[in-house]
Amino acid sequence: MGGQAQGPRPSAIGQALLAISDQWTLLILQRAFLLRTKRFADWRDDLGMSESVLSNRLKELVAGGLLLPSPYREEGRTRTEYLLTEQARELWPLLVHVWSWERAWVPRRAGLPELVHETCGNRTDVELGCAACGGAPVTARDTETLRGEATFAQVAVPRLHRKTVRVNAEDDPLSYFPETFELLGDRWGTVLLAAAFLGVRRFADFQAELGVAPSVLSNRLRRFTELGVLTTDESEGGRPRYRLTDKGLAFFGVFAFLIDWAQRWYTGPPGTDLRLLHRACGKPFQPYLRCLSCGEPLERPAVAFLVGADGELRPAASTG
Ligand SMILES: [Zn+2]
Ligand SMILES: [Zn+2]
């Protein structure tokens, strides 16, 4: 993909994280999905972003193949709008799963939008299924992770941007809660979580896997413990072991969609592959979302989100 390669090429997941693990990038994509936003001024006004940050992110999204610039005429002038590419549209289930996780696990002042499944007419939630065998629900415990020989040092990627704090994010009815960004919008956060899903439990093992400075690692482990994503129990020698809580395990679906998407769109060096197997069918796990009310697979055109204080119904964007 675009950009000049420096150092070893990251794994497919590393490249995927490079493309999307940024707060503003995720919010730009979310608005494009949910509100059909495709013009500079609309993102700027809706997200309260500075113009320089917004134009920087749009450039990256175009270079990374996630947005397609398209000219349109307005008041006699040619302007540009940005359309979701097929690669970006495949992130839809990941973003819906983030919504579902926040709804279940993150208390917040402003209520999240509600998902309406138009096929059955219910306000509903989603669950994860395996498209290879049709089985659902599938949890982290129902899968097995297969990996190459590489460590996560090749998954982790340097952060492209300094973190910026978003003001009033909690009052934004569509916003991803800051907790989500700690799990998904922070490179060490995401690989730490990936390692935890792989069964890594001890400080020294995390350190060996991630190749991260001890201070950074202990900071993230403490944060994840505070967030209730990890919990500790003492074991041999009084050293803590870190385990995923139910809240942490529930993030598995997002992780599964991330791996699935990464492997369809990026290629990493040999040995850096990560694959999930669905134990029940023995096949590679192909995540899909299904409606908790009627059990049917969720397709984007049949899903709407109720947003806004007035409960105004806006269809999920199906343009592209
Ligand atoms: Zn299966
Ligand atoms: Zn349904």
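The values are calculated or read from the model by the stated rules, or taken from the named source; none is laboratory data. For clarity, every value in this text was computed on a predicted model and none was experimentally measured. Here the Cβ is made from the backbone with ideal geometry for all residues, glycine too, and neighbour counts use every protein chain on show.
Might you check whether a residue that is in a loop (DSSP other than H, G, I, E, B), within 16 Å of ligand 2 (Cβ to nearest atom) and either touching a strand residue (DSSP E or B) at 6+ places or on another chain (Cβ under 7 Å) or not aromatic (Phe, Trp, Tyr) (or both) occurs anywhere in the stretch 96-118? Explain how you work it out, then say what you get.
Taking the stretch 96-118 as the starting set, the residues that turn out to be in a loop (DSSP other than H, G, I, E, B) are 106-113, 118.
Retained after the next criterion (residues that are within 16 Å of ligand 2 (Cβ to nearest atom)): 118.
Those still in the list that are either touching a strand residue (DSSP E or B) at 6+ places or on another chain (Cβ under 7 Å) or not aromatic (Phe, Trp, Tyr) (or both) too: 118.
Yes.
Select from the stretch 262-320 the residues that are touching an Asp or Glu at 6+ places or on another chain (Cβ under 8 Å), among the aliphatic types (A, V, I, L, M) and either modelled with pLDDT under 80 or away from ligand 1 (no atom under 16 Å from the Cβ) (or both) and list them in ascending order.
Hits for the stretch 262-320 are Leu292, Ala302, Val303, Ala304, Leu306.
To keep it simple, each residue is scored yes or no on (1) over 28 Å from Thr145 (Cα atoms); (2) more than 20 Å from the chain's Cα centre (by Cα).
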| residue | (1), (2) |
| --- | --- |
| Arg9 | no, yes |
| Gln23 | no, no |
| Arg31 | yes, no |
| Glu60 | yes, no |
| Ala63 | yes, no |
| Ser70 | yes, yes |
| Thr78 | yes, yes |
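When the stretch 248-299 is examined, which residues are found to be of a type in the set (Phe, Trp, Tyr) and assigned to a helix (DSSP H, G or I)? Full working, then the answer.
In the first step, residues of the stretch 248-299 are kept if they are of a type in the set (Phe, Trp, Tyr); the result is 251-252, 255, 257, 261, 265-266, 285, 288.
Scanning the stretch 248-299 gives Phe252, Phe255, Phe257, Trp261, Trp265.
Out of all the residues in the stretch 114-134, which are within 16 Å of ligand 1 (Cβ to nearest atom) and surrounded by fewer than 16 Cβ atoms within 10 Å (Cβ to Cβ)? Full working, then the answer.
Restricting attention to the stretch 114-134, the residues satisfying the condition of being within 16 Å of ligand 1 (Cβ to nearest atom) are 127-134.
Selection gives Cys133, Gly134.
Limited to the stretch 228-254, what total is found for residues that are at pLDDT 90 or above and on the phi < 0 side of the Ramachandran plot?
18
Would you say Thr37 is buried (at least 20 other Cβ atoms within 10 Å of the Cβ), of a type in the set (Val, Ile, Thr) and in a helix (DSSP H, G or I)? Walk me through it before giving the result.
Details: buried (at least 20 other Cβ atoms within 10 Å of the Cβ): yes; of a type in the set (Val, Ile, Thr): yes; in a helix (DSSP H, G or I): no.
Here the answer is no, as Thr37 does not meet what is asked.
What about Val216, is it among the β-branched types (Val, Ile, Thr), assigned to a helix (DSSP H, G or I) and in contact (Cβ under 8 Å) with a residue 60 or more places away in the chain? Reasoning before the result, please.
Details: among the β-branched types (Val, Ile, Thr): yes; assigned to a helix (DSSP H, G or I): yes; in contact (Cβ under 8 Å) with a residue 60 or more places away in the chain: no.
No: the conditions fail for Val216.
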